[in-house]
Amino acid sequence: MDRYAAFARSGLGRRLVPGLGLPDPVPLRRDAPGAPLAPGPVLVTGLVPPDGAPLVGDAAGVAAAELAAAGARVVGPDGAGGDATAGAAGAVAGDERWGGLVVDATAAASPADLVGLVGACTPHLRRLARGAHVVVLGLDPDRLPAGSPAAVRVAQRALEGFTRSLGKEVGGGRTVQLVLLAEGGVGAMGSTLRFLLSGRSAFVSGQVVRVGAPVHDLPSGEDARGPRPLAGRRAVVTGAARGIGAAVAQLLGARGAHVVCVDVPAAAGDLAATARAVGGEPLVLDITSDLAPGRLAEACERLGGVDVVVHNAGITRDRRLRNMRPDAFAAVLDVNVGAPLRLTEHLLGAGLLGRGGRVVGVSSLAGIAGNDGQTSYAASKAGVIGLVDALAPRAAAAGTTVNAVAPGFIETRMTATVPPLTRQLGRRLASLGQGGLPVDVAEAIAWFAEPATAGVHGQVLRVCGQSLLGA
Ligand SMILES: NC(=O)c1ccc[n+]([C@@H]2O[C@H](COP(=O)([O-])OP(=O)(O)OC[C@H]3O[C@@H](n4cnc5c(N)ncnc54)[C@H](O)[C@@H]3O)[C@@H](O)[C@H]2O)c1
C-alpha cells in the first residue's frame, strides 16, 4: 500500500478523506484461489424489450445462465429471483448486498429508451457490495445489422457515456464496464462476463469490450470455466525476468500453460528463477537481435507450436525531444514495437501460431494520451495499437486473436523511478484512486489468452483503474 493509501485507511484519514472529497483508494477485491466469482448474488436486469425479437438474442438470459454455471448466485430472468426488473431488491435477504449487477440495454432503440436505465439501475446502486462489479450489455454501434435505424445507433453509442460516468460515481472499489455485442457475440461472451464480474478485473473500470462471433470453436463449458483454462497451452512471455512479465508468466503457468520465459542475457539469473517458479523454461534472448525470430521459432517448434505470445518486454529512455539522441529513440521503438511486429509476422508466416492462437501486446496509457518527455515511448506504445489494428484481421482468418492491454500506473521497478509528485498524480488520477499491481495486467492478458475468449479480437483494454489520462 502506498503512503497516501495508508493515510486514507488510518483513523484520521477515514474522517478527512470523504469530507474533503479526496481520492479514497480502498483495497481492491482481487481474485484468490477458491474465491467466489462475486462478493454476493449477481442481479441480472435490463430494459424491457420493445415488441419484436431482440437484435442479438436474449443477452440477459444467456448472461444469467453463464454466470450461474460459473457458480454465481444469480437473480434474474432465468435465475432464482424470477423477473429481475420487478421487485428484485426483495430477492436478497436482510442487509445482503449485490455482488454484481448486469444490465441488459441491448433493447434500447432510441435515446428516449435510455431512461429505462434509471429504473433498471437506480434502485440497486445503494445495495451494491464493496468491490461489486457492474456490466452493461449493449449492441456494438459500429457493427449493427445493415439498415438499422439511426436512433438505435445513437442509443447504443450513448451507453458509453453512461457507463464511464457510472464508473466515476460508484466508489468503494466497484467497477463498471460496457460489453458491446455484435452478431454471434452473445454465445461468445461467457469468458468476458466471468472476467469482468470477478476480482480478476479489479483494476479495470470504465472500459468498453466488444464481443463478436468467435474466430474458432469455443471450448466446452467445463474446460472454459475451470481453474485451469490454459491447460495444455504453450505460451511465450517476453521480458519475463521481472515486473509485469514475471507476473504474467506466473499466472499463465498457474492457469495451466507451459511458459517459455524470454529475457536479455543481463537478466538471465532472474529469468531462470521465474522459469523455475512457473514450471516453464527460460530462453535467454534479446528480442531485437537479428537471430531472434529464428531462435524463437525453433523454441516453439520444439514444443510443436505455440498458442499464446505475450509481447511484454519494454524499455523507456525518457527525454524531451529537444534533448533526444537518435540511438535512444531507435532502441525504444525497436524493443517495444519493432521486434514484436517482426516476431509475430515470423510466427504467423511459419504457421507456428494458428487456430486458437493468441497474440497479446502491451501498450500503455502514454501511447494513448502522450506524456511529457516520452515521445519515443509514446510513439512505440501507440505503435503497439497499430500492430493490433494491422494484424488482427489477417490473424483472425487463421483462428488467432490479436489484442493488447494498455496499463495505466502499475507499481513496478519501472514506475518506482518516476519522480514522487508525478507518481502520486499517476495513482490518484484513476477513479479507483490507486496504482495497479502487475497481477492486474497479468489477469487481463490471461483473459485474452483463454480459448473461450475467441470472440474478442482487435482490441485494446486499458488496465488503469479508469485513469483520466487519455480518456
Ligand atoms: N509499469 C507500468 O506502470 C507500465 C505501464 C504501462 C505499460 N507498461 C509496459 O509493461 C511492460 C512491462 O513493464 P515493467 O514495468 O514490468 O518493466 P520492467 O522494466 O520491470 O521489465 C521489463 C523487462 O523487459 C526486459 N527486456 C527489455 N529489453 C528486452 C529485450 N530487448 N529483449 C528481451 N527482454 C527485454 C527487461 O530485461 C525486463 O526484464 C513494458 O512493455 C512496459 O512498457 C508498464
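Sorted into 10 angstrom bins from 0, the C-alpha pair distances of the stretch 91-174 split as 17, 45, 26, 11, 1 percent.
Local charge for PHE195 was computed over the other residues whose Cβ lies under 15 Å away, with Lys and Arg +1 and Asp and Glu -1, and equals +4. Applying the criteria of a DSSP loop state and at most 15 other Cβ atoms within 10 Å to the GluC sites (Glu not before Pro) of the stretch 92-197 yields GLU96, GLU183. Overall shape of the chain was characterised from the C-alpha gyration tensor. The equivalent ellipsoid obtained from it has semi-axes of 36, 26, 21 Å, in decreasing order.
Evaluate E = 1/(1 + (r/R0)^6) for VAL284 and LYS168, where r is the Cβ-Cβ distance and R0 equals 45 Å; express this FRET efficiency to the nearest 0.05. E between VAL284 and LYS168, to the nearest 0.05, is 0.50. Using heavy atoms of the protein chains and a probe of 1.4 Å, the accessible area assigned to THR375 is about 60 Å². Put simply, the amide H of ILE410, placed in the peptide plane, has neighbours under 5 Å in GLY436, leaving out anything fewer than 5 places away on its chain. Accessible area per residue for the chain, computed on protein heavy atoms with a 1.4 Å probe, is 40 Å². With the whole protein complex present, ASP223 retains an accessible surface near 100 Å², based on a 1.4 Å probe. Charge tally around SER363: other residues with Cβ under 10 Å, Lys/Arg +1 each, Asp/Glu -1 each, net +2. Helix screen, the chain: DSSP H segments with Cα axial length of 18 Å or more and mean Kyte-Doolittle hydropathy at least 0.5 are 375-397. Applying a DSSP loop filter and a limit of 16 other Cβ atoms within 10 Å to the trypsin sites (Lys or Arg not before Pro) in the stretch 123-228 leaves ARG126.
Counting Lys and Arg as +1 and Asp and Glu as -1 over every other residue whose Cβ lies under 10 Å from the Cβ of GLY185, the net charge comes to 0.
Spin-label model, ALA272/ALA35: points 7 Å from Cα along the beta carbon direction are separated by 3.4 nm. ALA330 label point, 7 Å along Cα→Cβ, cut-off 17 Å on backbone N: hits in the stretch 366-381? Those under the cut-off are 376-377, 380.
Rolling a 1.4 Å probe across all protein chains gives THR274 an accessible area of roughly 20 Å².
At a Förster radius of 45 Å, what calculated FRET efficiency corresponds to the Cβ-Cβ distance of LEU425 and ALA231, to the nearest 0.05?
0.60
Does the stretch 351-457 classify as rounded, prolate or oblate by the C-alpha gyration tensor (a ≥ b ≥ c root eigenvalues; a/c under 1.5 gives rounded; else a/b over b/c gives prolate, otherwise oblate)?
prolate
Once the piece of chain linking ASP142 and SER220 is laid out straight, how much longer is it, given 0.36 nm per residue of separation minus the C-alpha distance between them?
Computed gain between ASP142 and SER220 is 25.1 nm.
The values are calculated or read from the model by the stated rules, or taken from the named source; none is laboratory data. A quick note: this is a predicted structure, and the numbers were derived from the prediction, not measured. Glycine also receives a Cβ, built like all others from the backbone with ideal geometry; neighbour counts cover every protein chain displayed. What goes into the accessible areas is simple: the full protein's heavy atoms, side chains included, and nothing from ligands, DNA or RNA. Shrake-Rupley method; radii C 1.70, N 1.55, O 1.52, S 1.80 Å.
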